[in-house]
Amino acid sequence: MHCRWRHRQPTRQSIADNPHLEAPVSSPLIATVIVPAHNEESGLRRLLPQLLGSAAAGEVKVIVVCNGCTDRSAAEARSFGPDVEVVELPVPSKVAALEAGMAVVGDFPVAFVDADVVLTTDGLRALAAQLRHPGVLAAAPRRELKRERVSWAARWYYDVWERLPTVQAGLFGRGVIMLSTAGFSRIAALPRFMSDDLAYSEAFRPGERRIAPDAIAEVWPARTWRALLNRRIRVVRGVNELNRAGRLSASASTGPRDLLRIVHNEPLLVGPLLLFLITTAVARWVARSATPGPLAWNRDDSSRTA
């Protein structure tokens with residue numbers, strides 16, 4: 001169900017308190033934000049106050065696409081007022097959610113934000129500022145992994161993962177990507193892939209994408225090794241899909257030299273590196289041995305619990 005955009009209007013009381021306030025004044029748009037949400041009631045309750053927190057009326061337009069939700073995600077999104085539009089789809093599908101959100105975009109730039117991360121209004125502003133640089137079509141924030149209650153095994157894996165050159169330079173794994181009008185047009189022309197953020201990152205040359213140092217996305221990683229493995233199986237399947245489509249560049253791969261360099265610079269990471277290699281090998285084996293067919297999402301709910 002689609003709604004027309006509405007902007008916050010001054011209340012009768014606010015006009016009475018300030019007689020000089022005769023008509024609402026809209027601020028320039030920072031961004032239109034598309035948030036795919038499948039049973040993300042708690043995530044939306046965490047994300048939306050930060051996303052809209054310091055925004056004036058009309059500065060941020062949010063499109064929450066609830067896909068196959070059986071919780072109160074739609075009601076939670078609507079509770080934030082007229083700056084949030086809710087689109088509801090009957091089937092759980094992030095691909096369909098992205099399509100539906102992109103179909104109703106009318107104002108740019110556009111940011112894709114996962115419902116299980118947190119980004120502030122100032123973070124949106126910092127991303128939009130990057131797109132004003134000549135030739136920059138896509139921007140993403142720095143990531144901050146929230147490691148509270150994360151097992152030692154999962155921490156070890158992420159200790160290595162965060163140091164990989166491709167992870168540091170790519171737009172993926174941050175839960176947020178903002179696109180200019182030209183960048184959005186390029187993404188809209190792509191086939192839809194399971195690893196949408198990696199596909200988006202790979203759609204731009206290094207000079208066309210930037211990491212905004214003043215924007216931070218808070219990301220909740222998998223808390224247990226089993227949950228982490230579930231995520232990595234999904235990632236491997238997505239990478240394989242992109243590779244078969246010829247959409248992966250050499251810079252998106254991690255080589256032995258990258259891993260040796262990490263250990264050379266930080267010898268204490270030998271143990272974490274061994275766990276990283278074991279996890280990667282198991283994820284690849286499971287992904288390869290799985291029955292052919294539609295790619296399962298392998299959602300990890302461990303990071304979504306309170």
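Can you tell me which of Arg186, Arg174, Arg163 is touching a residue at least 12 places away in the same chain (Cβ under 8 Å), in contact with a helix residue (DSSP H, G or I) (Cβ under 6 Å, 6 or more places away or on another chain) and of a type in the set (Lys, Arg)? Outline the logic, then answer.
Working: Arg186 fails: in contact with a helix residue (DSSP H, G or I) (Cβ under 6 Å, 6 or more places away or on another chain); Arg174 fails: in contact with a helix residue (DSSP H, G or I) (Cβ under 6 Å, 6 or more places away or on another chain).
Only one candidate qualifies: Arg163.
Residues to consider are Leu269, Leu229, Leu242; find the one that is farther than 21 Å from Phe172 by Cβ, in contact (Cβ under 8 Å) with a residue 12 or more places away in the chain and open to solvent by less than 30 Å² (accessible area, probe 1.4 Å). Walk me through it before giving the result.
Details: Leu229 fails: farther than 21 Å from Phe172 by Cβ; Leu242 fails: farther than 21 Å from Phe172 by Cβ.
Of Leu269, Leu229, Leu242, the one residue that is farther than 21 Å from Phe172 by Cβ, in contact (Cβ under 8 Å) with a residue 12 or more places away in the chain and open to solvent by less than 30 Å² (accessible area, probe 1.4 Å) is Leu269.
Return the total of residues in segment 47-85 being in contact (Cβ under 8 Å) with a residue 40 or more places away in the chain and surrounded by fewer than 16 Cβ atoms within 10 Å (Cβ to Cβ).
3
Would you check if Tyr200 is farther than 22 Å from Leu47 by Cβ and aromatic (Phe, Trp, Tyr)? First the steps, then the outcome.
On the way: farther than 22 Å from Leu47 by Cβ: no; aromatic (Phe, Trp, Tyr): yes.
Taking the combined requirement at face value, the residue does not satisfy it.
The values are calculated or read from the model by the stated rules, or taken from the named source; none is laboratory data. Keep in mind that this is a model prediction, so the values were computed, not measured. Reconstructed Cβ throughout: ideal geometry from the backbone, glycine too, with neighbour counts over all protein chains shown. Ligands, DNA and RNA are stripped out before the accessible areas are found, and what is left, the full protein with its side chains, is counted by its heavy atoms. Shrake-Rupley method; radii C 1.70, N 1.55, O 1.52, S 1.80 Å.
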